[in-house]
Amino acid sequence: MRILLVEDEKALRKVIQLNLELENYEVIAVEDGEMAIQKFESEHFDLIILDLMLPKLSGLEILKTLSVKHANLPVIIISAKDTSSDRIKGLKSGADDYLSKPFEIEELLIRIQNLLKRQGEKNNQQELEIVRFGNCMINFKTFEATKNETKIELSQKELHIIKYLIQHKNEVVSRHDILKSVWGYDVFPSTRTIDNFIASLRKHLEEDPKQPKHIKSIHGVGYKFLDH
Ligand code: CA
């Protein structure tokens, strides 16, 4: 788990970093708002610990950027501002938790654990809604899809198959897996049928269907979806 720690007080930053590392978290620590934004824009984090009073950009301003681009990233505010209106402002701005300074490191660790656990459960439950890859967008709620901003028509089965592939992105799925998931146990079309559907999906979604970038064939095994 990677944690971004944004805190300008050097002593506190060191103490938190050390304690988190002892718990086997990977910690990237920065001391001002601009460096914070630069970090989470360019690297992946599982959680952010955010001070509010910071040089260059305040914690609340950072939260604004976060809520637009990384709404799912859990944030714990740590702040010397400890009135209830400060807490409400922080939580309303998208923070998930708020810890007033001074605090026990133990309490911070417990709150981090709880938040990461909750986030893990949320990620598991989250239904696919809108997915983007290459020049394509698929909205699984409205069953609409576009390539290069132009509407494309995907059949119900095609949508099911691409959804299954996306849900297992970066994994190899066999034709049998797809059959089981999309057709269930009742009807068993031949695996050749899957290949036909895949060919059609590539025609719709790939820039060059003959050299697919997203729906890859894994020889002798099945298919693998890549979103980059
Ligand atoms: Ca501060």
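When the Cα atoms of the chain are enclosed in a convex hull and the volume is divided per residue, what value in Å³ results? It comes to 161 Å³ per residue, whole-number rounded.
In terms of distances greater than 30 angstrom between alpha carbons, the cross-link table entries LYS39/LYS81; LYS117/LYS157; LYS81/LYS117; LYS64/LYS117; LYS89/LYS141; LYS92/LYS151 yield LYS117/LYS157; LYS89/LYS141; LYS92/LYS151. Between ILE110 and ALA80, what's the calculated FRET efficiency when r is the beta-carbon distance and R0 is 22 Å? Round to 0.05. After rounding, the FRET efficiency stands at 0.60. Return the FRET efficiency for the residue pair LYS203, SER174: r is the Cβ-Cβ distance, R0 is 25 Å, and the value is rounded to the nearest 0.05. For LYS203 and SER174, the calculated efficiency is 0.65. Here the accessible area of region 130-225 is 48 percent carbon and sulfur, with a 1.4 angstrom probe and all protein chains present. Amide H contacts of ILE78: LEU50, ASP51, LEU52, LEU99, each under 5 Å away and 5 or more positions distant or on a separate chain (H built 1.01 Å from N in the peptide plane; Pro and chain starts excluded). Legend: Rg and Dmax of region 130-225, from Cα coordinates, 12.7, 37 Å.
Taking a straight line from the alpha carbon of LYS213, these aspartates and glutamates sit under 13 Å away, with near neighbours fewer than eight places off in the same chain left out: ASP227. Using the Cβ-Cβ distance between LYS216 and THR150 with R0 = 22 Å, the FRET efficiency computed as 1/(1 + (r/R0)^6) comes to roughly 0.40.
Could you work out how far helix 191-205 tilts from the main Cα principal axis of the chain, as a 0 to 90 degree angle to the nearest 10? Helix 191-205 sits at roughly 60 degrees to that axis. Each of the peptides 4-13, 169-178 was scored by the mean count of other Cβ atoms within 10 Å over its residues; in descending order, highest first, they stand as 4-13, 169-178.
Hull volume per residue, based on the alpha-carbon atoms of region 1-113 and their convex hull, is 87 Å³.
The values are calculated or read from the model by the stated rules, or taken from the named source; none is laboratory data. Note that the coordinates shown come from a computational prediction; the quantities given were computed from them, not determined experimentally. Note that we place each Cβ from the backbone using ideal geometry, even for glycine, and neighbour counts take in every protein chain shown. Quick note on the areas: whole protein, heavy atoms, side chains included, nothing else; ligands and nucleic acids left out. Shrake-Rupley method; radii C 1.70, N 1.55, O 1.52, S 1.80 Å.
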